[in-house]
Amino acid sequence: MHLAGSRPGGVSPNMAHYLGELYRLGGHRQYVSPSALAAELDVSPPAVARMGGRLSERGLVDRKRYRGVRLTDRGEREALREIRYHRMSEAFLVNVLKYGWHEAHAMADALAKVAMSPLVVPLVANVTARPVTAPTEIRRLLVEQVTGVVRWRESVLYMKEHGVTHIVEIGAGRVLAGLCKRIDGDLDCVSVGTPETIEEFLKTL
């Protein structure tokens, strides 16, 4: 990784983050006050109240006036899913990328909040040379890409075999376009790296 970064059941990354923090504060056993949740998340109490309303509408929390919010059974499942994802991210960052645990926690938090939607046009992952559209799989493959072997040749050939005839490299330089051309000379490869070259390219479409 559902539109606008949502997970199954309409749970956005930001909602999942709130649920995870609520669980850590004991929200699966008792009601947690909005002020305590706001302090943990470093946001304002009104922001917590607004989020509490959205979570309640989806059946993820139970709200009681003067008591706070508590996770429902479904909310607890979503919270545990978020916590497992967070811990897996931390473990990868510490054990593979050699981050400190404090840095890993901060990075895992940042990754968990990134909104990602299912793709209409599949992404060909360069570590598998296969198409992918699901946000959860895309996240996993992005992590793999950091230390995995890039299968660029296989990725280009997969696209060619499935009807791709034009490849556009967006960004500075022409390295990737040149590599594509060497892999298969029949591909039409162009590089666009400035607003002017992008405008010129768009005129050819």
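Bear in mind that the values in this text are calculations on the coordinates, not laboratory data. Keep in mind that what you see is a predicted model, and the values were worked out from it rather than measured. Ideal geometry is used to build each Cβ from the backbone, glycine not excepted, and the neighbour counts take in all protein chains shown.
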Sorted peptide list for 195-204, 57-66, 20-29, 123-132, criterion being average Cβ within 10 angstrom, highest first: 20-29, 123-132, 57-66, 195-204
Could you tally the net charge around Ile183, taking each other residue with its Cβ under 15 Å from the Cβ of Ile183, Lys/Arg +1 and Asp/Glu -1? 0
How much net charge surrounds Val164 when only other residues with a Cβ under 13 Å from its Cβ are counted (Lys, Arg +1; Asp, Glu -1)? -3
Pop out the ³J(HN,Hα) list for region 14-30 in order, Karplus 6.51 cos²θ - 1.76 cosθ + 1.60 with θ = phi - 60°, rounded to Hz; leave Gly and Pro as x. 5, 4, 4, 5, 4, 4, x, 5, 4, 5, 4, 8, x, x, 8, 10, 8
